[in-house]
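Single-structure report; data block below.
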Amino acid sequence: MSQTYAPTSLEKGLRIKFLEYFRSEVALAPQIAYVESSDSDSESYDWLGQSPAMSELIDELRITPLSNTKHTIVNKTFSAGIAVKRSDLEDNKTGSLNRRIQQLAAAAAGHSNKLLIEQLVNGTSTTLGFDGVALFSNSHPARGDEGGTQDNLLAGTGTTTAQVAVDIASAKAAMLRFKDEAGEPFAADGAMSLAVICPPDIEKPVREALNSQIISNTSNAMVGAAGIIVSPRLTDANDFYLVRTDTARSLILQEREPIEFSALEGSSDSGFLREQYLYKVRSRVGCGAAFWQSAVKVVNS
């Protein structure tokens, strides 16, 4: 027996279903990015330099002006939608509709993940850091008392478990050596939480490098050194990233308008004239780089 659906109750029920599916998706932003609110079409981040180091007070307080860096992230509008025939709803095909809503929620939830991973993938070209060069570079220009150019784009030694373990250790050591504009270690005294972001192709050696007690008959000192995020969005099968997941992060996700779910049903022109109901998700967000010192890319040719 077919069932009649009131458009208002249907929209409400699908919105609830959408939110349930949306919240079940794993979001990368809380792990690897600053999530910032926005109230304009773009936001300028003038604060991405470092605060001064403590110094002995001899005659008067030494005042250090804010860094002259300026980093602008523009918000963009993203949307996706589906159409459903009224006859399909009346013939009780809501199982298919629920699956479509689930797919729409997954696409919406995964979109911020896509934007963040794209920043990493484009990190040697179009993703620029606050110092005006690519997020991953062999020569970040010296600023303040840093003392010289700095390098967060490292050549890997290979993709075996032993080689990956060596490269993770090298990437962490490089991160610990980065200096801030005051000439101090950017990572303070080495207190960092880390994650390796890798493609599925090298998930096995990465997990072994971070979890195995013994590698090549030698104790593995990198056990537990970082979490693991496997992303099928990474385009290179051999490269990986070491990123900080604590208070100093390498990416920014900027939210002007968070994901919203809307519908045009029975009372709309589409519903009344064409007997077709429309469901849409929309957001306005921006994404860009934060601190380059909080990420290292390891490249294997």
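The values are calculated or read from the model by the stated rules, or taken from the named source; none is laboratory data. This one's a predicted model, so the numbers in the text were calculated from it and none came from an experiment. Cβ sites come from the backbone with ideal geometry, for glycine too, and all protein chains shown count toward neighbours. For the accessible areas, the whole protein counts, side chains as well, though only heavy atoms, and no ligand, DNA or RNA atoms are used. Shrake-Rupley method; radii C 1.70, N 1.55, O 1.52, S 1.80 Å.
Observations
- Once the range 263-291 is narrowed to residues that are aliphatic (A, V, I, L, M) and touching a Pro at 6+ places or on another chain (Cβ under 9 Å), the residue that is modelled with the highest pLDDT is VAL285.
- Meets criteria (among the aliphatic types (A, V, I, L, M), without any contact (Cβ under 8 Å) to a residue 24 or more places away in the chain and either surrounded by fewer than 18 Cβ atoms within 10 Å (Cβ to Cβ) or part of a loop (DSSP other than H, G, I, E, B) (or both)) for ALA182: no
- Within the range 239-252, the residues that satisfy the criterion of being under 23 Å from TYR45 (Cα atoms), among the hydrophobic types (A, V, I, L, M, F, W, C) and modelled with pLDDT of 95 or more are VAL243, LEU251, ILE252.
- Test result for GLN103, more than 20 Å from LYS297 (Cβ to Cβ), open to solvent by 20 Å² or more (accessible area, probe 1.4 Å), not in a loop (DSSP other than H, G, I, E, B) and not small (Gly, Ala, Ser): yes
- Filtered residue count, the range 191-204, keeping only those that are more than 15 Å from VAL296 (Cβ to Cβ) and open to solvent by 20 Å² or more (accessible area, probe 1.4 Å): 5
- Checking PRO232 against (1) in contact with a helix residue (DSSP H, G or I) (Cβ under 7 Å, 6 or more places away or on another chain); (2) in a loop (DSSP other than H, G, I, E, B); (3) in contact (Cβ under 8 Å) with a residue 40 or more places away in the chain; (4) not hydroxyl-bearing (Ser, Thr, Tyr), the condition it does not meet: (3)
- Per-region count, the range 176-214, residues of a type outside the set (A, V, I, L, M, F, W, C), at pLDDT 90 or above and closer than 20 Å to TYR241 by Cβ: 11
- Of everything in the range 11-36 that is at pLDDT 90 or above and over 27 Å from ARG143 (Cβ atoms), the residue that is surrounded by the most Cβ atoms within 10 Å (Cβ to Cβ) is LEU28.
- Among the residues of the range 213-224, those that are closer than 18 Å to ALA171 by Cβ and in contact (Cβ under 8 Å) with a residue 24 or more places away in the chain comprise ILE215, ASN220, ALA221, MET222.
- Residue pairs meeting the criteria (Cβ under 6 Å; at least 6 apart or on separate chains; first of a type in the set (Lys, Arg), in the range 286-299; second part of a strand (DSSP E or B)): LYS297/LEU153; LYS297/TYR241
- Within the span defined as the range 111-130, every residue fails to be under 22 Å from VAL223 (Cα atoms), within 22 Å of the chain's Cα centre (by Cα) and among the β-branched types (Val, Ile, Thr).
- Residues of the range 223-234 that are over 18 Å from LEU154 (Cα atoms) and of a type outside the set (Gly, Ala, Ser): VAL223, ILE228, ILE229, VAL230, PRO232, ARG233.
- Filtered residues of the range 140-179 (kept if buried (at least 17 other Cβ atoms within 10 Å of the Cβ), in contact with a helix residue (DSSP H, G or I) (Cβ under 7 Å, 6 or more places away or on another chain) and polar (S, T, N, Q)): ASN152, THR159, THR161
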